[in-house]
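This report refers to the structure that appears directly beneath it.
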Amino acid sequence: MSIKPHRVETLISEADVRNRLKAIARELDTVYATGEPLVMVGLLRGSFIVQADLSRAMQTPHEVDFMVVSSYGNSMESSREVKVIKDLETEIHDKHVLVVEDIID
């Protein structure tokens, strides 16, 4: 029995993603040009690569932290009840918080 490889279709090129992230970084640099403290919070696991690329593209000084939350448990359907599995280690009081997420329910 042979297994046929899946045909992969590119919907958005890597270059287009990279260019869009750079554009978003420029927009964020404009918004946060005030110099007020900024924390970029990534919701793991899906956001970490985009967050790293976005963080590197930004000129604005910022801290980076991560959270792990779940509304799915062991199912494929959201329970709409969010559980914090790993909370922030950075203090966010009196700081701007930019949340980077891969799926929003």
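The values are calculated or read from the model by the stated rules, or taken from the named source; none is laboratory data. This one's a predicted model, so the numbers in the text were calculated from it and none came from an experiment. Every residue, glycine as well, gets a Cβ built from its backbone with ideal geometry; the counts of neighbours run over all protein chains shown. In case anyone asks, the SASA skips ligands and DNA or RNA and just uses the protein heavy atoms, side chains included. Shrake-Rupley method; radii C 1.70, N 1.55, O 1.52, S 1.80 Å.
Here are the numbers for this structure:
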| read-out | value |
| --- | --- |
| Selection from region 1-51 of residues that are of a type in the set (Ser, Thr, Tyr), closer than 16 Å to Val97 by Cβ and more than 15 Å from the chain's Cα centre (by Cα) | Tyr32, Thr34 |
| Output for region 24-37, where each listed residue is open to solvent by 70 Å² or more (accessible area, probe 1.4 Å) and in a loop (DSSP other than H, G, I, E, B) | Ala33, Thr34, Glu36 |
| Members of region 38-58 that are surrounded by 16 or more Cβ atoms within 10 Å (Cβ to Cβ), assigned to a loop (DSSP other than H, G, I, E, B) and not polar (S, T, N, Q) | Met58 |
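So that you can scan it fast, the table gives a plain yes or no per residue for (1) in a helix (DSSP H, G or I); (2) at pLDDT below 95; (3) surrounded by 10 or more Cβ atoms within 10 Å (Cβ to Cβ); (4) touching a strand residue (DSSP E or B) at 6+ places or on another chain (Cβ under 6 Å):
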{"residue": "Lys4", "(1), (2), (3), (4)": "no, yes, no, no"}
{"residue": "Thr10", "(1), (2), (3), (4)": "no, yes, no, no"}
{"residue": "Arg18", "(1), (2), (3), (4)": "yes, yes, yes, no"}
{"residue": "Lys22", "(1), (2), (3), (4)": "yes, no, yes, no"}
{"residue": "Asp65", "(1), (2), (3), (4)": "no, no, yes, yes"}
{"residue": "Ser75", "(1), (2), (3), (4)": "no, yes, no, no"}
{"residue": "Ser78", "(1), (2), (3), (4)": "no, yes, yes, no"}
{"residue": "Leu88", "(1), (2), (3), (4)": "no, yes, yes, yes"}
